[in-house]
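Q: Below are the structure tokens for one structure; questions will follow.
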Amino acid sequence: MKKKLILITFEGIPRDKYVKDLKNFFGEYLDIEGYSIKEGINQMINGDLTLLTFSGLTNIAKEYLPDEMEIIYLSRTFKKGSFEKLYNLPYGTKAMLVNNNKIGAVDTISLLYEMGVKHIDFTPVYPNMDNVPDLEYAVTPGQLRHVPKKAREVVNIGWRVIDISTLMNIMTKLDILNDELDQKLERYLKTIVPISHGLHFIFDSTHKIKNQLNIILDVIDDGVIVIDKDYRAIHCNKSVEKILDVDEKSILNRNIKDIIYSYPPIDNILEKDYIENCLIKHSSTTKSLVITKRPIRVDDRIWGFLLIIKDRSEIENLESQLRKQLIDKGYVAKYRFDDIVGVSENLTKCKNRAKKISGIEAPLLIMGESGTGKELFAQAIHNNSERKNKPFLGINCASLSSDLLESELFGYEEGAFTGARKGGKKGLFELAHMGTLFLDEVGELPTYMQAKLLRVLQEKEVMRIGGIRIIPVDVRIIAATNKNLKKLVKEGKFRKDLYYRLNVLTLNLPHLRERRDDIPYLIKDILEKLGVENKELDRELKEILINHHWDGNIRELRNCIEYMAYMGEELLTVKDLPPDFLDEVEASREELKERIFSELLSEENELAVYILRTLKYRPAGRRTVYKEAVKDGFNVSEHKIRKIMKFLQHKGLITYGNGRGGAKLTGEGNEII
């Protein structure tokens, strides 16, 4: 039986395009189905692997996919020759890069720069953006229908095609590798520019070994100088010119000692055949440079030397990038207290307590409902502590079987069990040494694991599975739970001694219902992170979101806002809510009208609810209410407003104060609305 690949795109046209391409390549080996988020998905989707066009679709797509179904993402590139016409544009040309959405436009710009198209200053342009730049040139990957009319010259570089890395990923994940598909890959590779720096394409058109060497050296960011035994420079790459701020002509055929003036002097450093990462201060540029020297040997004779020159500031930038990669692996805490959004009194008190706790080394127990941000607080506490430059690792105690959880936490020795890795494996306690270990859903720990955790907390040492060696560890434990551990202790499901050992410090996180003032700030933050900060919510939608119960807390709010951001227009209204949410709102409205205003006509009912919602924000007289109602689309007279407000007063839902203060909600009116 053939395996099934599921493709999910945002719009229908890319879906049809890439489904066709995938079918052309995989032919009889796979069944391929395509779905579009914008056109709607009305069923649960089953398959063996899901391919998304970009990561921003993940949360929406997961609603229609089984939990166990693996998701990968589409990498795209260009056909050979497709963007060569761009080289006809003058250096420094400013051009629009037009795509059907902002993410696609930015992604295409990044890809073109990666392919070496760096002489054009691109500005992303997409449908419904506020300020379209007034530029003469427009470049588009096949999205001609979205090109603004003000563009006087359009360069269509054609649809991006599927990169070979994605095809190989699909073949590997679905285990369909064979000779026929291998040959197809080889033929396909000749038609595209692979994302991997475009080197394959460059090499295909390069025939001489010297040119190949030059190309390889020029794509290396480090400076490379080849010198002979007399220290005369005979070759260098482009990066040297940038690092030393000189041109190639001033380097070649000159003694390296006359080129690089430094402290300490470079001629003293170069006396040795081998130099490993020696730091010097370059006199001309005042840069700190790191020098490495290697001999070039042929038949056991030294013919010259290779100098590798690095800019220390670039090394620091690389370290920063590596740190980001560690964040993705979960070894570094990426969130700080400034990343915790909100101004409510409950949240402010919680943050202040957490900051105080961060300076204390004792174990911490964070309690709160699912979705309240327990790991966010744990990372912020770590980054505000003395351990901030050390590892931060986290594990969900409910996500793994007891055996697997034990091996993850404590590690194992080689041969400890069938399938154990050669050389054994460090556990999280060892990897987190001198740092912090975050144990989420600690209430799910099996009883025997609770005993082992207690020993680590008391003795500050671990023993790997199958091992005999005691390994000392210095780890701060931050545990989290959404359960009542005290109740579990009474029921005999959680060890009392472990509970009191973890419960030295406690932090109770408020659920979203206790910090409704933060919801507008959270919504703004979510929209900004999605790159759609220009979208706005109308007043009625804001009110509904602020007053919703939010069982799933911030996680539920984020899913709701993401759905509306992708599916709604610039002004988001109640109609843009997710279907289940909208059904709940409509049912609530009908219940409200039916329960309170059954004696009114339908239009009067709607107006009465509107007046109550208006008075919720501030007291107002009938003229003010009338102006607001007309502005919001009601076809109503001032006389009708007076009649309905009198009805509401009779019901005891509004009252009039002394003087010209206008009407305001009573306690009953506020509770109802």
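So that you can scan it fast, the table gives a plain yes or no per residue for (1) over 17 Å from GLY27 (Cα atoms); (2) at pLDDT below 85; (3) hydrophobic (A, V, I, L, M, F, W, C):
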position	(1), (2), (3)
LEU167	no, no, yes
ILE170	no, no, yes
LEU177	no, yes, yes
LYS190	yes, yes, no
VAL193	yes, yes, yes
LEU199	yes, yes, yes
ILE202	yes, yes, yes
LYS210	yes, yes, no
LEU217	yes, yes, yes
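Q: Give me the residue from segment 345-361 that is assigned to a helix (DSSP H, G or I) and of a type in the set (A, V, I, L, M, F, W, C) and, out of that set, farthest from ARG516 (Cα to Cα).
A: ILE357
Q: Would you please name the residue that is surrounded by the most Cβ atoms within 10 Å (Cβ to Cβ), looking only at residues in segment 135-188 that are touching an Asp or Glu at 6+ places or on another chain (Cβ under 8 Å) and assigned to a strand (DSSP E or B)?
A: ALA138
Q: Okay, next question. Give the residue that is farthest from the chain's Cα centre (by Cα), with candidates limited to residues of segment 280-303 that are outside any loop (DSSP other than H, G, I, E, B) and exposed (fewer than 13 other Cβ atoms within 10 Å of the Cβ).
A: ARG301
Q: Inside segment 235-279, can you point out the residues that are part of a strand (DSSP E or B) and modelled with pLDDT of 80 or more?
A: Once the filter is applied, which keeps residues that are part of a strand (DSSP E or B) and modelled with pLDDT of 80 or more, segment 235-279 yields HIS235, CYS236, ASN255, ILE275, CYS278, LEU279.
Q: In segment 386-400, which residues are crowded, with 20+ Cβ neighbours inside 10 Å and in a loop (DSSP other than H, G, I, E, B)?
A: ARG387, PRO391, CYS397
Q: Quick one: count up the residues across segment 331-381 that are at pLDDT 95 or above and of a type in the set (Asp, Glu).
A: So the count comes out to 0.
Q: Can you name the helices (runs of 4 or more DSSP H) wholly within segment 447-549 that have at least 1 residues being among the aromatic types (Phe, Trp, Tyr), surrounded by 14 or more Cβ atoms within 10 Å (Cβ to Cβ) and not assigned by TED's automatic domain parsing to the domain that holds GLY411?
A: Per the criteria, 519-529.
Q: Grab the strands (runs of 3 or more DSSP E) fully contained in segment 1-62, keeping just those with 3 or more residues being assigned by TED's automatic domain parsing to the domain that holds ILE176, crowded, with 20+ Cβ neighbours inside 10 Å and under 24 Å from the mean Cα position of the chain (by Cα).
A: Fully inside segment 1-62 and qualifying: 3-9, 49-52.
Q: Assess whether VAL475 counts as being under 16 Å from ARG501 (Cα atoms) and in contact (Cβ under 8 Å) with a residue 60 or more places away in the chain.
A: For VAL475, the condition - under 16 Å from ARG501 (Cα atoms) and in contact (Cβ under 8 Å) with a residue 60 or more places away in the chain - is not met.
Q: Being over 19 Å from GLU543 (Cβ atoms) and surrounded by 15 or more Cβ atoms within 10 Å (Cβ to Cβ) is the filter; apply it to segment 594-612 and report the residue that is modelled with the highest pLDDT.
A: Among those residues, the one meeting the criterion is GLU604.
The values are calculated or read from the model by the stated rules, or taken from the named source; none is laboratory data. Only a predicted model underlies this, so the values are computations on that prediction, with no experimental measurement involved. Note that we place each Cβ from the backbone using ideal geometry, even for glycine, and neighbour counts take in every protein chain shown.
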